[in-house]
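Heads up: the structure comes next, in structure tokens.
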Amino acid sequence: MCGITGYIGYDEAAPLLIRALKKLEYRGYDSAGVAVIDNERIFVRKMKGQIKLLDESLLSFPLGGKAGIGHTRWATHGEPSDINSHPHTDSEGRIAIVHNGIVENYIKLKQWLQGRGVVFRSDTDTEVIVHIINYFYRGNGGGLLDALIETLKLLNGSYALAIVSADYPDRIIAARKGSPLIAGVGKTGSFIASDIPALLEHTRDVIFLEDGEIAVLYRDHIELRGSEGEALKRETTHIEWDIESAEKGGYPHFMLKEIFEQPKAMSDALGPRLKKDSASNTIIDFDEVKLDERWTQARRILFVACGTAYHAGIIGKYALEHFARIPVEVDIASEYRYRRPVFDKNDIVIVISQSGETADTLAAMRLAKQNGSRVFAITNVPGSTLSREADTVVYTYAGPEIAVASTKAFTTQVVCIYLLALELGRLRGQISAQDYQRYVAALSAIPKQARQILDKKESIQRLASRQFNKTKMFFMGRQFDYPVSMESALKLKEISYTHSEAFAAGELKHGPIALVDSDTLVVTFATQKALFEKMISNIREVTSRGAASLVITWEGVDFFDTVSDEIFTLPETEDSFSPLLAVIPAQLFAYYCAVQHGNTPDKPRNLAKSVTVE
Ligand code: F6R
């Protein structure tokens, strides 16, 4: 979704704003713009298309000034165009704003303003905000902050806003409700942005604005205010991520880099949660969760998430039911929040979100909390809204995930879920001491095995070059292979734009097989040994209808050779941990298909990294 940034300090603002916008590119956008204050006048440059066009324009015709705001727009109201791009200004061009979010009541507000003679230039919802600020600023005789406070009271919906005014060249004002906003003071000035990577090169000590808060940025300090303008105090949060982790580091795309970072990311997720006991056995030490009676006696656990994180939740259901023998449900956040779910105050709700800012996931979390459930969050972003509002937080330690298609965030979410399931299984007496040791050892070996899979990337690349032109690609599996199929199909459709679906292999004959023909590739995950024979039958059913077949199974299993043209093997682990390994060739396959199609895998069309609108 849109990215916003702002800078006020000692250096030229425009180049810094462009650098920050490039760091926010991954969020998805269709146009970009900046507004800079120079000599108490505001100068705006904005255009449809990539940031590099804006950059080139600013290099040819620079805008001077040491304070400014910038924006990448992901169109919601009004087509992508120069006019609809942000920043938007009031009629006199004295106030400029950038906005991430949606003003739900903008039509009413627009009519109200038009009734007072305001002429609109764009089709955006955002433009109403700047005209209302101007209305209060000119009409009420107060300052810019007072005008903003009055304006915010009229807005329904969500916003992260940054505002500059020619009358206040010494400050930028920013406000947040429902869309993320982070501020920090660096050596050369103060910064504001939608996400951490844009600030990392200047500071790692940041303030996460909370809903209803306003930040006033000056060159060397930031004042935090409440919704009525009252002064607030907030400690800064130190971000451990380093700058390199938000750079491509020699890889052609962030997505490939992030796929290759998975062994380390999974190690980082496991490391702090494994320790040696007095007998030198490796055991799980999940002390951030405090698995008290509420957990061990829980009658039901509920996973709630969106997209890839939802798939991690389905693996969570299989894992918790398998290891801990607790009934588990999994819900898509946007379904959970709008239907009438049955609440039980003894429920534990596990909310999963890489960004910790997904609008539907946050709303689902709040609904669960209001109804007495204890909410446990699995997230990657320290300081995110989810991490601040949940009762308990487990961090995935995946480092910044920049590519829109989630990879290392997913595998680290699943690692955290397995740790939880195993530990809960042990506490509930569902796993013997011997099995527990075996499982913990197997989980500890996963990062190394993931590396072995990545070493075979060329074979997936070759496979993609042979198959990428198929018009349909289906993924199927049973048990733990089913959610992996779902995640693989999502990855492929997101970045290669190929029609792909996932099927529980047992469902094939109940409908999906009607779609299978010679222009179809069927990828079969076959890692559940007890179900091998059933999978062989399913593969025969699709190949006999002309489909090409790829089977992903364990090393040393050779009988799939007789039924499938293509086989990719995985180093063997426990069947129940197979998702952590089996998803890796599927991620690589999606990536290489996207590259073969000439797509940009990091920034797939129509998609945004952080879905902060509902
Ligand atoms: C897919 C993908 C999305 C996200 C979903 C939830 O590759 O990245 O499906 O998983 O938008 O995002 P988070 O995890 O940030 O809540």
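Here is how the numbers come out for the structure above:
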{"read-out": "Tensor-based shape of region 161-254 (alpha-carbon gyration tensor, a/c under 1.5 rounded, otherwise prolate or oblate)", "value": "prolate"}
{"read-out": "DSSP-loop GluC sites (Glu not before Pro) across region 485-572, with at most 15 other Cβ within 10 angstrom", "value": "Glu555"}
{"read-out": "Residue order, fewest to most surrounding Cβ atoms within 10 angstrom, among Asp287, Asp481, Asp347", "value": "Asp287, Asp347, Asp481"}
{"read-out": "Packing-based exposure ordering (other Cβ within 10 Å, fewest first) of His99, His253, His202, His77", "value": "His77, His253, His202, His99"}
{"read-out": "Rounded to 5, percent antiparallel among DSSP beta bridges of region 249-444", "value": "15"}
{"read-out": "The chain: DSSP helices with Cα axial extent of at least 30 Å and average Kyte-Doolittle hydropathy no lower than -0.5", "value": "433-454"}
{"read-out": "Where N is the number of residues in region 163-316, Cα Rg divided by 2.2 N^0.38 Å", "value": "1.41"}
{"read-out": "Cα gyration tensor, the chain - rounded (a/c under 1.5), prolate or oblate", "value": "prolate"}
{"read-out": "Chymotrypsin sites (Phe, Trp or Tyr not before Pro) restricted to region 323-404 and DSSP loop, no more than 15 other C-beta within 10 Å", "value": "Tyr338, Phe343"}
{"read-out": "Which listed pairs, of Lys48/Lys187; Lys275/Lys448; Lys22/Lys48; Lys23/Lys248, have C-alpha distances above 21 Å, in listed order", "value": "Lys48/Lys187"}
{"read-out": "Least to most buried among Met255, Met476 (fewest other Cβ within 10 Å first)", "value": "Met476, Met255"}
{"read-out": "GluC sites (Glu not before Pro) restricted to DSSP loop in region 40-108 with at most 16 other C-beta within 10 Å", "value": "Glu40, Glu92, Glu104"}
{"read-out": "Antiparallel DSSP beta bridges within the chain, percent to nearest 5", "value": "60"}
{"read-out": "Cα centroid of region 162-192 to Cα centroid of region 100-123, whole Å", "value": "24"}
{"read-out": "Rounded if a/c under 1.5, otherwise prolate or oblate - region 422-478, Cα gyration tensor axes", "value": "oblate"}
{"read-out": "Cross-link partners of Lys534 among aspartates and glutamates (Cα-Cα below 17 Å; sequence separation of 8 or more within a chain)", "value": "Asp481, Glu507, Asp558, Asp561, Asp575"}
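None of the figures in this text is laboratory data; all of them are computed from the coordinates on show. In this text the structure is predicted, and so the values were computed from the model without any measurement. No Cβ is skipped: glycine too gets one built from the backbone with ideal geometry, and neighbour counts run over all protein chains shown.
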